[in-house]
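Student: The structure under discussion is supplied below as structure tokens; questions concerning it will follow.
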Amino acid sequence: MTASPSIAAGSGLEVVALRALVRPAPLVWLPLAPGDRPRVTPGQSVLAGALLAERVRDALIATVPADAMAPGTGPGDWWADDGRRHGIRRTRADVAEGELLYRADGEWRLATGARPEQLEAPAAGIVREVRPGSGISLEIAGAGIPGVAAIGGPARGRLDVVGGADGDLRSGSLDVARSGAIVVAGSRIDAEALTKARAMGVRGIVVAGVASRDLRDIAASEARQRASLHRLPPFAILVLEGHVRQPIASPVFDLLLGLAGQEVAIVGDPPILLVDLSAEILPIPPPDRVRVRRGPLAGREGRWIGLAGRRRFGAGVYLEGARVDLGEDRPISVPLADLERFG
Amino acid sequence: MIARLFDVVRGTDPALASELRLPDADGDAELPRLVARTSATPRLAVVAATTRQRDLLTAAADGAGWRTVGSSADSVDQLGITALILERGISAVLVGSGDPPWADERPRLADLARVVAAAVARRPELDVIVAGSMTDQAGLIQRPGESGEATRGAVLFGPAAGAGSPAGEPLRVLLERLRAAPDDGRTAIVRATRTLADVLDRRIETIEVGHDAGLRCVARPGDAVATEGPGSAIVAAGALVPPDPDDEIVDGILGWSTVARDRHRLRDRLRDLRAVPWGDADGDGALLRMAAARAAVGRILALTPALEPAGAPDLVIASGGVWAVAPGPAVTLALADVLRRPGVSQYAYDHARLLGPLGTIEDEGERRLMLRDLADELLLPLGSVVLAAGVRPGRDAGHLLVNGAGATSELDLMPGGLQLVDLPPGQVATAAIRFRDPVTLGARGRKFEVEVAGGLGGLLLDLRDVPLRFPERGDRRRELLAAWQSALWTGIDE
């Protein structure tokens, strides 16, 4: 599914870092905590939105006599009250099931609690691994657009491209019409717009860069939400480029434009936007297209000219350089390590 | 790259190519290879009955190259400990107690052992290290003997965190053995440093700052035969930019920065630096890199006080890619800014990254032979640093006379300042230093005559405070740092 532009032999372009536009059939990890109840088994096929697990809120430890267990029961197994007393002592009257933690003095300690939240499959795929208390591994049937960081989620919604690749998403651009959407915000989004997006029911934000301070604040806010009684739907942010301001790479932005209106999902491990991708909308950038990913020219794109050898750059530093046509009067030299190409 | 190198050798010296049995241009190169690699720092869950014991265990693990995350039964319930061990990123579990157990941990040990045993039973791939008197609970933690599981982790028994001299060293060695793969680059650098100290008959300190960890190794002649033992530490917190840098790390880097930045913007730059460590290496990116490198060396030193040598080592070796982009004199200054040890040391850079691969040679004799053969090319000489402590402020601190290779340099000593004497790589000279008042330069005195070796930065005379003292105001601090740095960094303002 990935495009593999051919490279002219000897051009030197092969030494430039290759960035994958899409990753086919990514394997994503959806974390669970002790007390969460998985509802799928390895090998099972699931559709987007299918129930994967029930998540416990405020898990607590309860004690159950060992003779209430079936033979061969072990840590991580799920126990459900069969109605017999077994001399059960409970810290809450409604505890009737839970995840077994460990056995001590003829009793089992188990993690239990109310499970009001459901973990749904972010996309269709096959369950590869289920580890109670740890997580679920899901092989996605579609593809993914990789990012560099993500928080929150998994979150699912229709893709809504609001601005340009290098624009800022201001809070005024957000209204209830975008409720349930995953919004492509462009270059940057500030804390105010993030807060408003969440309040408006936006499910997720895809953005080139977010200040790490804003990410941290939103992560804390998301954690508080999860602990509250009246929860909002899951919210996630996917960062595509980094934390310092720069536009979304044009081949990635073109790809997002092609996917506008489709159901997509953000997951955090790995940070990726899950999409159902057909080959027709997969942009194939020219093989000599390169992008400056770091440094003062970060975000600029142009055409590869060739290797420039060891050159003197800012602060008198000598680095391996490359000549790139960035659309100015003449090609300029850029440190080789600052460049990336697409594949 | 190897093919291109062969082409060059064949083109310029066919006889040598023949002697080396280089393959033909279209032939496959099947030459012996030395492979050393540094891998991502694994995470270790450190579990104990009490916070105090957990901190001791963590200190031992911190010097063994693990990234630790701790939990103790007196601060977290069984659910928290289970969740920690089940966390996906955890590679091994260290559970321990004192030997004999302390009074406050004794009542919790059996329950803790059961919790850990149940959790690791759910993750059979985890390695488990049982330390101290927790080994008495080993029957609970031992895994049932199942065969045919290729990914099954080991259960190891180790000494208590307080055992050994220095305290924790035996446990640190055990944890390092467990962490390091046979071709581990950092373990190999330690081995090469020890052999090199023996070969050169010099006391050597190697400081490596890497992407995911740092290394400090102090070796004396004769250490090569001891392949393990005190003298080295691999520190995850010594990475150029640790993952998710907290305020303390950011402030530490800010303290060395010559560019005014707020904490949040700096954190963003650092995260991007970690993501693309070879990017943004020129302009103010180069300055940021050197500030981060100074802070990383500072963290390595702070976490390895037991390695502090009695005096300045004869040779300080810098290793790691972070030093590759700055001019040699600027690298010397960065190290001298943090290693404030009075004395005379030669500084060098492992520019070809050969210490690691050479350290993978198993046979001590063969390794020694190879290092002796390559001694002249192995390291890039940065220069010598004469660092005096206790220089009184005033107009004149004394006089320096450098004699070497038919040339003589004289200099009046400037208290509190940095002075450079041109001394090219490969040259050795004698420096006669006469101070107006007694100072500490290895020993205490007024007159010294020392041998110094040349390098890219020549001879650096450092009469600044030990430790360095900075103005309270941030802008003045930055000005002072910039003034020191610009004197040794050609083209810094370009």
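The values are calculated or read from the model by the stated rules, or taken from the named source; none is laboratory data. None of these values were measured; they are calculated from a predicted model. Backbone-built Cβ (ideal geometry, glycine too); neighbour counts: all protein chains shown. Ligands, DNA and RNA are stripped out before the accessible areas are found, and what is left, the full protein with its side chains, is counted by its heavy atoms. Shrake-Rupley method; radii C 1.70, N 1.55, O 1.52, S 1.80 Å.
Student: Does the range B:394-425 hold any residues that are closer than 22 Å to B:A348 by Cβ, outside any strand (DSSP E or B) and out of contact with any Gly (no Cβ under 6 Å at 6 or more places or on another chain), and which are they?
Tutor: Passing the criteria: only B:A405.
Student: Filter the range B:46-90 down to residues that are modelled with pLDDT of 95 or more, open to solvent by 40 Å² or more (accessible area, probe 1.4 Å) and within 14 Å of chain A (Cβ to nearest Cβ), then give me how many there are.
Tutor: Result for the range B:46-90: 1.
Student: Go through the range A:37-77 and give me each residue that's within 24 Å of B:D77 (Cβ to Cβ), in contact (Cβ under 8 Å) with a residue 60 or more places away in the chain and touching a Gly at 6+ places or on another chain (Cβ under 7 Å).
Tutor: A:R57, A:D58
Student: So in the range A:113-134, with the set limited to residues that are of a type in the set (G, A, S) and farther than 18 Å from A:P42 by Cβ, which one is farthest from the other protein chains (Cβ to nearest Cβ)?
Tutor: Taking the candidates together, the pick is A:A114.
Quick grid of which residues meet (1) of a type in the set (D, E, K, R); (2) within 16 Å of B:G454 (Cα to Cα); (3) open to solvent by less than 20 Å² (accessible area, probe 1.4 Å):
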| residue | (1), (2), (3) |
| --- | --- |
| B:E308 | yes, no, no |
| B:A312 | no, no, yes |
| B:S319 | no, no, yes |
| B:V322 | no, no, yes |
| B:Y347 | no, yes, yes |
| B:L358 | no, no, yes |
| B:E364 | yes, no, no |
| B:R372 | yes, no, no |
| B:D376 | yes, yes, no |
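Student: So, in the range B:166-189, exactly how many residues are in contact with a helix residue (DSSP H, G or I) (Cβ under 7 Å, 6 or more places away or on another chain), open to solvent by 40 Å² or more (accessible area, probe 1.4 Å) and part of a helix (DSSP H, G or I)?
Tutor: Residues that pass the stated criteria total 0.
Student: Output the residues belonging to the range A:280-310 that are touching a Phe, Trp or Tyr at 6+ places or on another chain (Cβ under 7 Å) and within 14 Å of another protein chain (Cβ to nearest Cβ).
Tutor: Residues satisfying the conditions are A:V290, A:R310.
Student: Tell me whether the range B:278-286 contains one or more residues that are at pLDDT 95 or above and more than 9 Å from chain A (Cβ to nearest Cβ).
Tutor: no
Student: Which of the following residues is open to solvent by less than 30 Å² (accessible area, probe 1.4 Å) and without any contact (Cβ under 8 Å) to a residue 12 or more places away in the chain: B:G445, B:G398?
Tutor: B:G445
Student: Right, another one. Would you confirm, using the coordinates I've provided, whether A:P38 is away from chain B (no Cβ under 12 Å) and in contact with a His (Cβ under 7 Å, 6 or more places away or on another chain)?
Tutor: no
Residues checked against (1) closer than 30 Å to B:P327 by Cβ; (2) in contact with a Ser or Thr (Cβ under 7 Å, 6 or more places away or on another chain); (3) among the charged types (D, E, K, R):
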{"site": "A:H243", "(1), (2), (3)": "yes, yes, no"}
{"site": "A:A249", "(1), (2), (3)": "no, no, no"}
{"site": "A:V267", "(1), (2), (3)": "no, no, no"}
{"site": "A:P331", "(1), (2), (3)": "yes, no, no"}
{"site": "A:V334", "(1), (2), (3)": "yes, no, no"}
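Student: Separate question: Can you name the residue in the range A:138-151 that is open to solvent by less than 10 Å² (accessible area, probe 1.4 Å) and not β-branched (V, I, T) and, of all such residues, is farthest from the other protein chains (Cβ to nearest Cβ)?
Tutor: Here the answer is A:A143.
Student: Only one of A:G299, A:G327 is touching a strand residue (DSSP E or B) at 6+ places or on another chain (Cβ under 8 Å) and crowded, with 19+ Cβ neighbours inside 10 Å. Can you tell me which?
Tutor: None of the others qualify; the one that does is A:G299.
Student: Here's a follow-up. Which residues, taken from the range B:476-494, are away from chain A (no Cβ under 14 Å), open to solvent by 60 Å² or more (accessible area, probe 1.4 Å) and out of contact with any Phe, Trp or Tyr (no Cβ under 9 Å at 6 or more places or on another chain)?
Tutor: Scanning the range B:476-494 gives B:R478, B:E479.
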